[in-house]
Amino acid sequence: MSRISSVLTTVVATTACVCVSAPPAAASDPVVSRGVTIPAFYTPPAELPADDGVLVRHEPLRLGLSLPGLDGRTLPGTATRLMYTSTDSGGQRVAVTGAYIEPSADWKGDGPRPLVVVGSGTMGQGDQCAPSLALQHPLTLNGQTVSFGYENLAVYRLLATGAAVVVTDYVGLGATDRLHTYVNRVDEGHAMLDAARAAHSVPGASVTGESRVALYGYSQGGGASAAAAELHRSYAPDVRLVGTYSGAPPADLTEVMKGIDGSALAGALGWSINGFAQAEPEVRAVVEENINATGRAALEDVATACVGDAILGHGFTKSTKWTKSGRSIAEVIAGEPAAQAVLDEQRIGTTKPTGPVRVVTGVQDDIVPHEQARQLAVDWCAQGGDVTYKAVRLPNLGDKLLTNHLAPLIVDQGDAVAWLKDRLEGEPTGSDCRSMPTQR
């Protein structure tokens, strides 16, 4: 039985460095996901170090897009593939993969070179979709899967500021021992914070424990960076967090489910179900009771899918086709208090974030709905947060097509990078909280 089939059966049925460069000692068959052989590096060892943010293993990573510099240094920098430890939402030790990039550009600000932790936007649930693999292979197109490293542009723009960058693959995306726990706020937030810790131990890294740290994320990454900013004070106060960019954050999953359902990215609903069914017995029970054969087949298919596969295979599908009753997934969960409680616990905005945060949302966004993203800024203001809020106003570019969701990412990215650079340089920022009642 394949690793994916085994995990799905379970889902539906029931700053020290401990470093090695080699794959795990235990021999096993290679994991192949939609025709892509996942490097043995991504298979976690049987036992992990006890602490969070410990670098388990590392190896050189060749960037798919790079140029030779005039001074002999590769542009935009030198990359290292990582595996490090974190704690998942169940309190268990987990291995997370990712990549650290030491930039060729000099840091011209005060203090040691700073670090930006990048939480990628939605890439998928198959291990071949991992952001660290997308840095190596910006486009994967083999007739069985379609994956595009669209976040690489943001990574390169951040490197150009002279900051180092560490990219997390999140829990279970890349690492082959479990399914990716898509939009699980604790898993994502911890993975980002522990990536910052692990970066200090990368051989040749110029970042230190004194380096200023910023968080960058849009869409899924916006939720991850927002969650990390909330969890920082209790989970990783040793990380010197000075600023967080949260673009189009899925802060209220109940509302986001409604936006995704029937859209071009309807497959993302399956990723959420798979991830929470794996981790939460209450959700697993609802899946067993309510999902029909069509839905089960869809959930198994999306478990190995990247964004391109989900759009081509499940775009504009309504979840009413996946349930025995013909009700939508949102309606099914709303009728199950225990399952709804799981989603309610995922709500971001209940805790004051550490440091200044910049929340950006497109007013036409109908995939990650604008109003719930704006509400995050309102909630953080009520908590006493230092919030910079921006509503990107563009014309309607097509209902449920992803265009209204992706356009603000492109339009705002330059400003987002500049804002983070100012925080890394120690520049002060002002809060928009007083004007939030008049902003839409």
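Placing +1 on the Cβ of each Lys and Arg and -1 on the Cβ of each Asp and Glu in the range 239-394, which of A293, P337, M257 has its Cα farthest towards the positive end of the resulting dipole?
Looking along the dipole axis, the top candidate is M257.
Return the calculated 222 nm mean residue ellipticity for the chain, to the nearest 500 deg cm²/dmol, obtained by summing -39500 (n - 2.57) across DSSP H runs with n ≥ 4 and dividing by the residue count.
-10500 deg cm²/dmol
Would you give the gap between the C-alpha center of the range 101-120 and the C-alpha center of the range 382-429, rounded to a whole Å?
Between the Cα centre of the range 101-120 and that of the range 382-429, the gap is 20 Å.
So who's got an amide H within less than 5 Å of the one on L394, skipping anything under 5 residues away but keeping other chains? H placed 1.01 Å off N, in plane.
Those qualifying (amide H under 5 Å, at least 5 residues apart or on another chain) are V363, Q364.
Starting from the alpha-carbon convex hull of the range 344-440, give the projected area averaged over all orientations, in nm².
The directionally averaged projection comes out at 6.8 nm².
Roll a 1.4 Å probe over the protein chains and send me the accessible area per residue for the range 363-429 in Å².
41 Å²
So which of K324/K352; K108/K390; K258/K421; K352/K421 end up more than 32 Å apart, counting from Cα to Cα?
Going by Cα-Cα distance, K324/K352; K258/K421 fall outside the 32 Å limit.
Using heavy-atom solvent-accessible surface (probe 1.4 Å) with all chains present, what is the largest-first order of W419, W271?
W419, W271
Using a probe of 1.4 angstrom, how much of the accessible area of the chain is carbon and sulfur, in percent?
Here it works out to 55 percent.
Using the scaling law 2.2 N^0.38 Å as the reference, what is the normalised Cα Rg of the range 372-419?
This ratio for the range 372-419 stands at 1.35.
When the gyration tensor of the range 136-203 is built from Cα positions, what are the square roots of 5 times its three eigenvalues, in whole Å, from largest to smallest?
Calculated on Cα positions only, the semi-axes equal 22, 20, 11 Å.
Given C-alpha coordinates of the range 62-217, what is the ratio Rg to Rh with the Kirkwood estimate of Rh?
0.96
Positive end of the charge dipole of the chain (Lys, Arg +1 and Asp, Glu -1 on Cβ, about the Cα centre): tell me which of S219, A418, Q375 has its Cα farthest that way.
Final value for the positive-end residue is A418.
Binning every alpha carbon pair distance of the range 304-357 at 10 Å from zero, what are the percents per bin?
Going out from 0 Å in 10 Å bins, the range 304-357 shows 19, 27, 34, 18, 2 percent.
Given bins 10 angstrom wide, list per bin the percent of all Cα-Cα distances in the range 82-143, short to long.
With 10 Å bins starting at 0, P(r) equals 15, 38, 30, 15, 1.
Given Cα positions, please report Rg to Rh for the range 125-172, the hydrodynamic radius being the Kirkwood one.
For the range 125-172, the value is 1.02.
Between the range 312-338 and the range 253-305, what's the alpha-carbon centroid distance in Å?
Cα centroid of the range 312-338 versus Cα centroid of the range 253-305: 8 Å apart.
Applying the Karplus parametrisation 6.51 cos²θ - 1.76 cosθ + 1.60 with θ = phi - 60° to the phi angles of the range 180-188, what ³J(HN,Hα) value in whole Hz is obtained for each residue in order, glycine and proline being reported as x?
Whole-Hz 3J(HN,Hα) from phi for the range 180-188: 5, 8, 3, 6, 7, 5, 5, 4, 5.
Sum up the charges of everything whose Cβ sits under 10 Å from the Cβ of H190, counting Lys and Arg as +1 and Asp and Glu as -1, but leave H190 out.
Spelling it out: positives minus negatives among the neighbours equals -4.
What ³J(HN,Hα) values, in whole Hz, does the Karplus curve 6.51 cos²θ - 1.76 cosθ + 1.60 give for the range 93-101 when θ = phi - 60°, with x put for Gly and Pro?
Couplings: 5, 9, 8, 10, 9, x, 8, 10, 10 Hz.
With +1 on the Cβ of every Lys and Arg and -1 on the Cβ of every Asp and Glu, and nothing else charged, how large is the dipole of the chain about its Cα centre, in debye rounded to the nearest 20?
Computed charge dipole of the chain: roughly 540 debye.
I need to check one value: relative contact order of the range 217-292, counting alpha carbon pairs closer than 8 Å and at least 6 residues apart, in percent.
Relative contact order here is 26 percent.
The values are calculated or read from the model by the stated rules, or taken from the named source; none is laboratory data. Predicted model only: the values in this text are computed from it and were never measured. Here the Cβ is made from the backbone with ideal geometry for all residues, glycine too, and neighbour counts use every protein chain on show. These accessible areas exclude ligands, DNA and RNA; they are computed on the full protein's heavy atoms, side chains included. Shrake-Rupley method; radii C 1.70, N 1.55, O 1.52, S 1.80 Å.
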